[in-house]
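One structure is given here, and the rest of the page talks about it.
The values are calculated or read from the model by the stated rules, or taken from the named source; none is laboratory data. These numbers were taken from a predicted model, which means no experiment stands behind them. Virtual Cβ from ideal backbone geometry, glycine too; neighbours counted across all protein chains shown.
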Amino acid sequence: MADIRYGIIGCGNIARAHMWAIKNGNGITCAGITDRIPEHAKLLNEEFGGGFRIFDSAEDMVNSPDIDAVILAVPNYQHQPMFELAAAHGKHILCEKPLTMTVEQGEHMVETAHKYGVKTQMGLCTRFEPYVDAMMDHIQAGNLGDIYFARTDVLRMRGTPTGWFGNKEKSGGGPLIDIGVHFIDACWYLMGKPKPVRVKALNYAAIANKYPKGVDIYSSFEKDTVYNVEDSSHGIITFENGAGLMYQAAWAINSESVDERLELYGTKGGLIKMPCTLIREEVSGMTTTSIQAKDDDCYKLQLEDFARVIKGEKESRTPVEDGLAVQKMLNGLYRSAREGREVDI
Ligand SMILES: NC(=O)c1ccc[n+]([C@@H]2O[C@H](COP(=O)([O-])OP(=O)(O)OC[C@H]3O[C@@H](n4cnc5c(N)ncnc54)[C@H](O)[C@@H]3O)[C@@H](O)[C@H]2O)c1
(Lines give C-alpha, C1' and ligand atoms only; values in the text may rest on other atoms or scores of the structure.)
Protein backbone atom coordinates (compact mmCIF):
# COMPACT_ATOMS: atom_id res chain seq x y z
CA MET A 1 0.00 0.00 0.00
CA ALA A 2 1.14 3.57 -0.68
CA ASP A 3 2.88 5.57 2.01
CA ILE A 4 0.72 7.66 4.31
CA ARG A 5 1.29 11.31 3.33
CA TYR A 6 1.69 13.50 6.40
CA GLY A 7 1.43 17.28 6.36
CA ILE A 8 2.99 19.15 9.28
CA ILE A 9 1.22 22.24 10.65
CA GLY A 10 3.67 24.30 12.71
CA CYS A 11 7.40 24.33 11.93
CA GLY A 12 8.97 24.81 15.37
CA ASN A 13 10.86 22.47 17.67
CA ILE A 14 8.68 19.39 17.67
CA ALA A 15 8.24 19.57 13.89
CA ARG A 16 11.94 18.71 13.70
CA ALA A 17 11.40 15.50 15.68
CA HIS A 18 8.58 14.59 13.28
CA MET A 19 10.70 15.38 10.21
CA TRP A 20 13.46 13.07 11.50
CA ALA A 21 10.89 10.41 12.30
CA ILE A 22 9.40 10.53 8.80
CA LYS A 23 12.85 10.54 7.18
CA ASN A 24 13.77 7.35 9.03
CA GLY A 25 10.34 5.72 9.10
CA ASN A 26 8.74 3.11 6.87
CA GLY A 27 5.44 3.58 5.04
CA ILE A 28 5.29 7.32 5.77
CA THR A 29 6.26 10.42 3.88
CA CYS A 30 6.20 14.20 4.44
CA ALA A 31 3.95 15.66 1.74
CA GLY A 32 4.14 19.24 2.95
CA ILE A 33 4.75 21.69 5.76
CA THR A 34 3.20 25.00 6.76
CA ASP A 35 3.65 27.67 9.40
CA ARG A 36 1.87 30.94 9.91
CA ILE A 37 5.31 32.54 9.95
CA PRO A 38 6.60 31.67 6.45
CA GLU A 39 10.27 31.97 7.53
CA HIS A 40 9.77 29.10 9.99
CA ALA A 41 8.60 26.81 7.17
CA LYS A 42 11.43 27.91 4.90
CA LEU A 43 14.01 27.24 7.61
CA LEU A 44 12.63 23.77 8.32
CA ASN A 45 12.64 22.95 4.61
CA GLU A 46 16.27 24.01 4.30
CA GLU A 47 17.36 22.15 7.43
CA PHE A 48 16.02 18.92 5.98
CA GLY A 49 17.65 19.32 2.59
CA GLY A 50 14.96 21.33 0.74
CA GLY A 51 12.37 20.22 -1.77
CA PHE A 52 9.43 19.96 0.63
CA ARG A 53 6.15 21.46 -0.49
CA ILE A 54 5.38 24.56 1.56
CA PHE A 55 1.69 25.28 1.86
CA ASP A 56 0.62 28.91 2.30
CA SER A 57 -1.54 28.09 5.32
CA ALA A 58 -3.13 25.28 7.31
CA GLU A 59 -6.35 25.94 5.36
CA ASP A 60 -4.47 25.49 2.11
CA MET A 61 -2.97 22.21 3.37
CA VAL A 62 -6.22 20.63 4.57
CA ASN A 63 -7.84 21.46 1.22
CA SER A 64 -5.18 19.51 -0.66
CA PRO A 65 -5.96 15.99 -1.95
CA ASP A 66 -2.24 15.23 -1.58
CA ILE A 67 -2.38 15.06 2.23
CA ASP A 68 -3.80 12.04 4.12
CA ALA A 69 -3.13 13.18 7.67
CA VAL A 70 -1.86 16.23 9.50
CA ILE A 71 0.50 16.48 12.44
CA LEU A 72 -0.52 19.34 14.73
CA ALA A 73 2.84 20.73 15.84
CA VAL A 74 1.41 24.07 16.96
CA PRO A 75 1.21 25.65 20.45
CA ASN A 76 -1.47 24.24 22.73
CA TYR A 77 -3.97 27.09 22.15
CA GLN A 78 -3.94 26.23 18.45
CA HIS A 79 -4.70 22.52 18.92
CA GLN A 80 -8.49 22.84 19.00
CA PRO A 81 -8.89 25.20 16.00
CA MET A 82 -6.41 23.25 13.85
CA PHE A 83 -7.89 19.89 14.91
CA GLU A 84 -11.41 20.96 14.02
CA LEU A 85 -10.28 22.51 10.74
CA ALA A 86 -8.50 19.29 9.72
CA ALA A 87 -11.38 17.04 10.82
CA ALA A 88 -13.92 19.09 8.86
CA HIS A 89 -11.78 18.50 5.75
CA GLY A 90 -11.59 14.75 6.33
CA LYS A 91 -7.92 14.68 7.32
CA HIS A 92 -6.69 12.18 9.89
CA ILE A 93 -4.95 13.87 12.83
CA LEU A 94 -1.90 13.26 15.00
CA CYS A 95 -2.38 15.84 17.76
CA GLU A 96 0.66 16.79 19.80
CA LYS A 97 0.29 16.55 23.55
CA PRO A 98 -1.56 17.81 25.53
CA LEU A 99 -4.87 17.34 23.71
CA THR A 100 -5.72 20.97 24.44
CA MET A 101 -6.08 23.39 27.39
CA THR A 102 -9.54 22.68 28.86
CA VAL A 103 -11.82 19.66 29.24
CA GLU A 104 -14.65 21.45 27.38
CA GLN A 105 -12.41 22.06 24.38
CA GLY A 106 -11.23 18.44 24.49
CA GLU A 107 -14.77 17.08 24.57
CA HIS A 108 -15.64 19.19 21.56
CA MET A 109 -12.58 17.90 19.69
CA VAL A 110 -13.47 14.27 20.36
CA GLU A 111 -17.07 14.90 19.22
CA THR A 112 -15.77 16.59 16.07
CA ALA A 113 -13.50 13.64 15.23
CA HIS A 114 -16.45 11.27 15.60
CA LYS A 115 -18.71 13.55 13.57
CA TYR A 116 -16.37 13.57 10.57
CA GLY A 117 -15.18 9.97 11.03
CA VAL A 118 -11.47 10.81 10.94
CA LYS A 119 -8.81 8.73 12.68
CA THR A 120 -6.93 10.44 15.46
CA GLN A 121 -3.94 9.77 17.63
CA MET A 122 -2.40 11.65 20.54
CA GLY A 123 1.26 12.61 20.46
CA LEU A 124 1.79 10.90 23.82
CA CYS A 125 4.99 9.49 22.40
CA THR A 126 6.32 8.07 25.68
CA ARG A 127 3.91 5.16 25.18
CA PHE A 128 6.06 4.26 22.15
CA GLU A 129 9.35 4.28 24.05
CA PRO A 130 10.86 0.79 23.75
CA TYR A 131 11.38 0.68 27.54
CA VAL A 132 7.65 1.21 28.06
CA ASP A 133 6.97 -1.73 25.73
CA ALA A 134 9.44 -3.82 27.73
CA MET A 135 7.73 -2.82 30.98
CA MET A 136 4.36 -3.68 29.48
CA ASP A 137 5.66 -7.17 28.53
CA HIS A 138 6.46 -7.85 32.20
CA ILE A 139 3.13 -6.46 33.37
CA GLN A 140 1.19 -8.56 30.85
CA ALA A 141 3.21 -11.65 31.82
CA GLY A 142 1.91 -11.15 35.38
CA ASN A 143 5.32 -10.41 36.88
CA LEU A 144 4.01 -7.45 38.87
CA GLY A 145 0.72 -8.94 40.08
CA ASP A 146 -1.69 -6.12 40.90
CA ILE A 147 -0.16 -2.66 40.53
CA TYR A 148 -1.34 -0.54 43.45
CA PHE A 149 0.88 2.53 43.25
CA ALA A 150 3.11 4.39 40.80
CA ARG A 151 5.46 7.31 41.11
CA THR A 152 6.99 9.49 38.44
CA ASP A 153 9.31 12.49 38.45
CA VAL A 154 10.42 14.68 35.58
CA LEU A 155 12.53 17.50 36.97
CA ARG A 156 14.66 20.12 35.28
CA MET A 157 17.02 21.91 37.63
CA ARG A 158 16.62 24.92 35.31
CA GLY A 159 14.88 24.23 32.00
CA THR A 160 12.08 26.74 31.62
CA PRO A 161 11.10 27.09 27.98
CA THR A 162 10.89 30.55 26.50
CA GLY A 163 7.95 31.87 24.48
CA TRP A 164 4.31 30.78 24.57
CA PHE A 165 4.93 27.89 27.01
CA GLY A 166 4.93 30.30 29.98
CA ASN A 167 1.71 32.09 29.00
CA LYS A 168 -1.23 30.27 30.56
CA GLU A 169 -3.62 31.66 27.93
CA LYS A 170 -1.60 29.85 25.26
CA SER A 171 -0.32 26.78 27.08
CA GLY A 172 -2.94 25.99 29.72
CA GLY A 173 -0.19 25.69 32.34
CA GLY A 174 3.48 25.01 33.04
CA PRO A 175 5.53 21.86 33.53
CA LEU A 176 2.55 19.76 34.63
CA ILE A 177 0.77 20.10 31.27
CA ASP A 178 4.04 20.28 29.31
CA ILE A 179 6.28 17.47 30.57
CA GLY A 180 4.36 15.92 33.48
CA VAL A 181 1.70 14.92 30.96
CA HIS A 182 4.00 12.34 29.30
CA PHE A 183 4.89 10.45 32.45
CA ILE A 184 1.52 10.68 34.17
CA ASP A 185 0.13 9.23 30.95
CA ALA A 186 2.81 6.51 30.71
CA CYS A 187 2.17 5.39 34.32
CA TRP A 188 -1.60 5.44 33.81
CA TYR A 189 -1.21 3.38 30.60
CA LEU A 190 1.08 0.84 32.30
CA MET A 191 -1.32 0.60 35.25
CA GLY A 192 -4.04 -0.51 32.83
CA LYS A 193 -5.80 2.86 32.58
CA PRO A 194 -7.78 2.72 35.85
CA LYS A 195 -10.58 5.29 36.24
CA PRO A 196 -9.29 8.46 37.99
CA VAL A 197 -11.61 9.72 40.73
CA ARG A 198 -9.75 12.28 42.88
CA VAL A 199 -6.70 14.50 42.55
CA LYS A 200 -4.63 16.75 44.80
CA ALA A 201 -1.85 19.06 43.62
CA LEU A 202 0.44 21.75 45.00
CA ASN A 203 1.84 24.12 42.40
CA TYR A 204 4.61 26.63 42.99
CA ALA A 205 6.06 29.60 41.13
CA ALA A 206 8.98 29.92 43.51
CA ILE A 207 12.15 30.29 41.46
CA ALA A 208 12.96 33.93 40.84
CA ASN A 209 15.77 33.55 38.30
CA LYS A 210 14.76 30.96 35.76
CA TYR A 211 17.72 31.53 33.47
CA PRO A 212 20.88 31.71 35.60
CA LYS A 213 24.33 31.24 34.15
CA GLY A 214 24.82 27.90 32.42
CA VAL A 215 21.17 26.91 32.40
CA ASP A 216 19.52 24.72 29.85
CA ILE A 217 16.96 26.98 28.13
CA TYR A 218 14.38 25.40 25.91
CA SER A 219 13.72 28.05 23.32
CA SER A 220 10.44 27.94 21.41
CA PHE A 221 9.87 29.32 17.93
CA GLU A 222 6.67 31.19 18.88
CA LYS A 223 7.77 34.09 21.04
CA ASP A 224 5.95 35.56 24.04
CA THR A 225 7.00 37.47 27.14
CA VAL A 226 4.23 36.57 29.60
CA TYR A 227 5.12 34.10 32.36
CA ASN A 228 2.22 33.23 34.66
CA VAL A 229 2.40 29.45 35.16
CA GLU A 230 3.90 27.16 37.81
CA ASP A 231 7.61 26.27 37.98
CA SER A 232 6.82 22.95 39.59
CA SER A 233 3.81 20.78 40.33
CA HIS A 234 3.57 17.99 42.89
CA GLY A 235 0.53 15.84 43.38
CA ILE A 236 -1.36 12.61 43.57
CA ILE A 237 -4.10 10.98 41.53
CA THR A 238 -6.36 8.39 43.14
CA PHE A 239 -8.15 5.77 41.04
CA GLU A 240 -11.47 3.99 41.50
CA ASN A 241 -9.70 0.67 42.17
CA GLY A 242 -7.81 2.24 45.10
CA ALA A 243 -4.53 2.59 43.22
CA GLY A 244 -2.57 5.86 43.33
CA LEU A 245 -0.12 7.80 41.19
CA MET A 246 2.23 10.38 42.69
CA TYR A 247 4.07 12.76 40.37
CA GLN A 248 6.42 15.72 40.34
CA ALA A 249 7.06 17.89 37.29
CA ALA A 250 9.38 20.90 37.27
CA TRP A 251 10.94 23.33 34.83
CA ALA A 252 12.90 24.93 37.65
CA ILE A 253 13.65 23.40 41.05
CA ASN A 254 16.58 23.28 43.43
CA SER A 255 17.11 19.56 43.05
CA GLU A 256 18.97 17.24 40.72
CA SER A 257 17.62 17.02 37.18
CA VAL A 258 15.63 13.86 36.56
CA ASP A 259 14.80 13.03 32.96
CA GLU A 260 12.10 10.55 33.65
CA ARG A 261 11.77 8.52 36.83
CA LEU A 262 9.02 5.93 36.64
CA GLU A 263 8.26 3.39 39.35
CA LEU A 264 5.42 0.87 39.48
CA TYR A 265 4.73 -1.12 42.62
CA GLY A 266 2.81 -4.39 42.36
CA THR A 267 1.86 -7.19 44.73
CA LYS A 268 4.32 -9.61 43.08
CA GLY A 269 6.96 -7.30 41.68
CA GLY A 270 7.99 -3.78 40.88
CA LEU A 271 9.44 -1.97 37.92
CA ILE A 272 11.65 1.07 37.95
CA LYS A 273 13.07 3.07 35.08
CA MET A 274 16.56 4.61 35.43
CA PRO A 275 17.81 2.12 34.37
CA CYS A 276 14.93 -0.22 33.61
CA THR A 277 14.81 -2.88 36.33
CA LEU A 278 12.37 -5.56 37.50
CA ILE A 279 12.30 -6.14 41.28
CA ARG A 280 10.89 -9.42 42.60
CA GLU A 281 10.91 -11.59 45.67
CA GLU A 282 12.19 -15.04 44.66
CA VAL A 283 12.89 -18.14 46.79
CA SER A 284 16.36 -16.90 47.61
CA GLY A 285 15.21 -13.40 48.52
CA MET A 286 14.89 -10.13 46.65
CA THR A 287 16.20 -10.00 43.09
CA THR A 288 16.76 -7.22 40.59
CA THR A 289 16.81 -7.97 36.88
CA SER A 290 17.89 -5.38 34.40
CA ILE A 291 15.61 -5.12 31.38
CA GLN A 292 16.98 -4.61 27.91
CA ALA A 293 14.95 -2.49 25.51
CA LYS A 294 15.84 -1.89 21.87
CA ASP A 295 17.17 1.51 20.93
CA ASP A 296 14.60 3.20 18.70
CA ASP A 297 12.95 6.58 18.17
CA CYS A 298 9.54 6.89 19.82
CA TYR A 299 8.47 9.63 17.35
CA LYS A 300 9.20 7.31 14.41
CA LEU A 301 7.39 4.38 16.04
CA GLN A 302 4.42 6.65 16.81
CA LEU A 303 4.05 7.89 13.20
CA GLU A 304 4.53 4.41 11.72
CA ASP A 305 1.90 3.10 14.11
CA PHE A 306 -0.58 5.84 13.21
CA ALA A 307 -0.05 5.03 9.51
CA ARG A 308 -1.17 1.46 10.24
CA VAL A 309 -4.19 2.83 12.13
CA ILE A 310 -5.10 5.00 9.12
CA LYS A 311 -4.79 1.98 6.82
CA GLY A 312 -7.22 0.13 9.08
CA GLU A 313 -4.66 -2.48 10.13
CA LYS A 314 -4.94 -1.84 13.87
CA GLU A 315 -6.52 0.27 16.60
CA SER A 316 -4.67 3.32 17.95
CA ARG A 317 -2.44 2.80 20.98
CA THR A 318 -3.03 6.42 21.96
CA PRO A 319 -6.61 7.29 20.95
CA VAL A 320 -7.77 10.85 21.35
CA GLU A 321 -10.21 9.62 24.02
CA ASP A 322 -7.15 8.81 26.16
CA GLY A 323 -5.94 12.35 25.49
CA LEU A 324 -9.23 13.59 26.91
CA ALA A 325 -8.97 11.31 29.97
CA VAL A 326 -5.49 12.71 30.66
CA GLN A 327 -6.79 16.25 30.09
CA LYS A 328 -9.37 15.66 32.83
CA MET A 329 -6.61 14.61 35.24
CA LEU A 330 -4.47 17.66 34.34
CA ASN A 331 -7.30 20.16 34.62
CA GLY A 332 -8.44 18.54 37.88
CA LEU A 333 -4.91 18.91 39.25
CA TYR A 334 -4.82 22.60 38.29
CA ARG A 335 -8.21 23.13 39.94
CA SER A 336 -7.01 21.36 43.09
CA ALA A 337 -3.93 23.60 43.26
CA ARG A 338 -6.05 26.73 42.75
CA GLU A 339 -8.63 25.75 45.36
CA GLY A 340 -6.08 24.35 47.82
CA ARG A 341 -7.92 21.06 48.33
CA GLU A 342 -8.36 17.59 46.92
CA VAL A 343 -11.04 17.54 44.19
CA ASP A 344 -13.23 14.89 42.58
CA ILE A 345 -12.88 14.48 38.83
N1 LIG B 1 5.91 15.13 22.20
C2 LIG B 1 6.86 15.87 22.71
O3 LIG B 1 7.77 15.37 23.33
C4 LIG B 1 6.81 17.37 22.53
C5 LIG B 1 7.97 18.12 22.70
C6 LIG B 1 7.89 19.50 22.48
C7 LIG B 1 6.68 20.10 22.14
N8 LIG B 1 5.56 19.32 22.01
C9 LIG B 1 4.26 19.93 21.67
O10 LIG B 1 4.32 20.36 20.32
C11 LIG B 1 3.56 21.55 20.15
C12 LIG B 1 4.45 22.63 19.55
O13 LIG B 1 5.53 22.90 20.43
P14 LIG B 1 6.93 23.47 19.88
O15 LIG B 1 7.90 23.29 20.97
O16 LIG B 1 7.25 22.89 18.55
O17 LIG B 1 6.55 25.03 19.74
P18 LIG B 1 7.32 26.14 18.88
O19 LIG B 1 6.92 27.46 19.42
O20 LIG B 1 8.78 25.81 18.79
O21 LIG B 1 6.72 25.95 17.41
C22 LIG B 1 5.35 26.19 17.11
C23 LIG B 1 5.24 26.66 15.66
O24 LIG B 1 3.84 26.69 15.30
C25 LIG B 1 3.62 27.86 14.51
N26 LIG B 1 2.17 28.15 14.54
C27 LIG B 1 1.44 28.65 15.56
N28 LIG B 1 0.14 28.68 15.22
C29 LIG B 1 0.06 28.21 13.95
C30 LIG B 1 -1.03 28.03 13.05
N31 LIG B 1 -2.28 28.30 13.39
N32 LIG B 1 -0.74 27.53 11.81
C33 LIG B 1 0.51 27.25 11.44
N34 LIG B 1 1.58 27.41 12.27
C35 LIG B 1 1.34 27.90 13.50
C36 LIG B 1 4.52 28.92 15.14
O37 LIG B 1 4.78 29.99 14.27
C38 LIG B 1 5.77 28.07 15.44
O39 LIG B 1 6.67 28.08 14.34
C40 LIG B 1 3.01 21.89 21.53
O41 LIG B 1 1.71 21.41 21.66
C42 LIG B 1 3.94 21.15 22.49
O43 LIG B 1 3.31 20.81 23.70
C44 LIG B 1 5.62 17.98 22.18
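Brief remarks follow.
- Boolean, His138 is more than 27 Å from Gly12 (Cα to Cα) and surrounded by 18 or more Cβ atoms within 10 Å (Cβ to Cβ): yes
- Conditions (1) of a type in the set (Asp, Glu); (2) surrounded by fewer than 22 Cβ atoms within 10 Å (Cβ to Cβ); (3) closer than 25 Å to Ile207 by Cβ; number of the one not met by Glu240: (3)
- Looking only at segment 45-71, and only at residues there that are surrounded by 15 or more Cβ atoms within 10 Å (Cβ to Cβ) and among the small types (Gly, Ala, Ser), the one that is nearest to the ligand (Cβ to nearest atom): Ala58
- When segment 211-268 is limited to residues that are acidic (Asp, Glu) and either touching a helix residue (DSSP H, G or I) at 6+ places or on another chain (Cβ under 9 Å) or under 30 Å from Ala73 (Cβ atoms) (or both), the one that is farthest from the ligand (Cβ to nearest atom) turns out to be Glu263.
- Selection of strands (runs of 3 or more DSSP E) fully inside segment 224-318 by the criterion of at least 2 residues being over 30 Å from His92 (Cβ atoms), over 18 Å from the mean Cα position of the chain (by Cα) and of a type outside the set (A, V, I, L, M, F, W, C) returns 232-239, 258-266, 269-273, 277-282, 285-290.
- Applying the set (1) basic (Lys, Arg); (2) within 16 Å of the ligand (Cβ to nearest atom); (3) over 27 Å from Ile9 (Cβ atoms) to Lys170 leaves exactly one unmet item: (3).
- Residue that is at pLDDT 95 or above, assigned to a helix (DSSP H, G or I) and more than 11 Å from the ligand (Cβ to nearest atom), where the choices are Trp164, Trp188: Trp188
- Condition broken by Lys42, with the remaining ones in (1) more than 12 Å from the ligand (Cβ to nearest atom); (2) farther than 30 Å from Gly174 by Cβ satisfied: (1)
- Pair list, Cβ < 7 Å and 6+ apart or interchain, from segment 1-22 residues that are part of a helix (DSSP H, G or I) to residues that are within 6 Å of the ligand (Cβ to nearest atom) and not aromatic (Phe, Trp, Tyr): Asn13/Ser220; Ile14/Ala73; Ile14/Glu96; Ala15/Ala73; His18/Ala73
- Criterion applied to Val118, Val110, Val74 was being more than 10 Å from the ligand (Cβ to nearest atom) and either within 18 Å of the chain's Cα centre (by Cα) or of a type in the set (Ser, Thr, Tyr) (or both), and the one residue passing it is Val110.
- Inter-residue pairs, beta-carbon under 8 Å, first assigned by TED's automatic domain parsing to the domain that holds Gly10 and on the phi > 0 side of the Ramachandran plot and in segment 38-65, second part of a helix (DSSP H, G or I) and within 14 Å of the ligand (Cβ to nearest atom), 6+ apart: Gly51/Asn45
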